[in-house]
Amino acid sequence: MTVVEGVVAEEGSGRSEAPKMPPGVLVEGPVVDAKFRDSYISFALMIAGSIGALIWAFTYGLGRVEISVFAGMFMLTTMGIGFMHRYFVHRSYRCGPVMRTILAAIATMAVQGSILKWVSNHRRHHLHSDKPGDVHSPYYDGFGHRIDGFAKGMGHAQGGWVWDQATTDAEYYARDILADPISTFFTRTRWYWYALSALIIPGGIGYAFGGMHTMIGCVLFSGLFRSYMMTMATSLVNSVCHSDGRWGYRRYQLDDGTTNELVTTLITFGEGLHNNHHRFPRDAYLSHAWYEIDINGLIILGLGKLGLVHDIFIHPENERRRD
Ligand SMILES: [Zn+2]
Ligand SMILES: [Zn+2]
């Protein structure tokens, strides 16, 4: 093993032609193995559950309870990724420990990895957006090789990146998360929150409202299938909203492929305003026009009005535009 500027590379791995990766990227080793374990288990459960959900839906149909729980949990976890992104990654507002605990619980329930992993990956994404070193760019793989072909790149950004033999060093990108006992508690106990989100809450509501039959439908459809669909929806931000203008529009000409795309924006509660976001990464509210509907941003502003969060950051240039 050789260690070069934070990059751990196996000698003779045939990757010597790769561009030099920036620090904070781990290539192979125990941290990458641990990432694979987590990803294999969670994706195996979500995909098996999704297949089960489709078979169940075609065999027995779906009732009001299954569909309501799907919608409710989809919305809750979409808000959760908003908290993960704008609070834990970008610190676009502040709050006390009770509120932070609630935000951490909902964020982890999105079943998109721990707070530590999500924050590390996303900060690395911003620092090297669509350049070698970006964790999920449509243009470069996890080793900094150029990806040939648009469709292949979109596949990498949409989910292929999870299976790169590389990961992000949390010691480099997320020391604040490692120093926060609430964030590390939720990182350690992530599997309980995944289970709560994908199995226990949907199953419990299903059992309460319709007995055993509805419980099974809810676990498969509103738990596991919903978690998978929700992950795919969030991933549209990595693919569609980095399509270099192929989908959506570029309000700001930045040195990356980011776009604002309005369908993704609706599905993700505002995260699809991604060109605005890369231009003003710390902003709590991402809408720069009446047709840019940022529900996660409105939730933050609402929480601010209720006094539950404070020091909401909006760049002076955007604050002026809203006046
Ligand atoms: Zn991005
Ligand atoms: Zn971001």
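Got a sec? Which of Asp169, Asp130 is within 16 Å of ligand 1 (Cβ to nearest atom), under 19 Å from the mean Cα position of the chain (by Cα), surrounded by fewer than 23 Cβ atoms within 10 Å (Cβ to Cβ) and charged (D, E, K, R)?
Asp130 is the lone residue from the list that is within 16 Å of ligand 1 (Cβ to nearest atom), under 19 Å from the mean Cα position of the chain (by Cα), surrounded by fewer than 23 Cβ atoms within 10 Å (Cβ to Cβ) and charged (D, E, K, R).
Out of all the residues in the range 172-189, which are open to solvent by 50 Å² or more (accessible area, probe 1.4 Å) and under 19 Å from Ala110 (Cα atoms)?
Of everything in the range 172-189, those that are open to solvent by 50 Å² or more (accessible area, probe 1.4 Å) and under 19 Å from Ala110 (Cα atoms) turn out to be Phe185, Arg188.
Just for helices (runs of 4 or more DSSP H) wholly inside the range 61-161: which have at least 3 residues that are within 30 Å of Gly210 (Cα to Cα)?
Of the helices (runs of 4 or more DSSP H) lying wholly inside the range 61-161, those with at least 3 residues that are within 30 Å of Gly210 (Cα to Cα) span 64-83, 97-108.
What residue, among those in the range 244-275 that are within 14 Å of ligand 2 (Cβ to nearest atom) and over 17 Å from Gly82 (Cβ atoms), is most open to solvent (accessible area, probe 1.4 Å)?
That would be Leu254.
The values are calculated or read from the model by the stated rules, or taken from the named source; none is laboratory data. Just so you know, these numbers come straight off a predicted model, no measurement behind them. Ideal geometry is used to build each Cβ from the backbone, glycine not excepted, and the neighbour counts take in all protein chains shown. Each accessible area value is taken on the protein alone, full model and side chains, heavy atoms only, with ligands, DNA and RNA left out. Shrake-Rupley method; radii C 1.70, N 1.55, O 1.52, S 1.80 Å.
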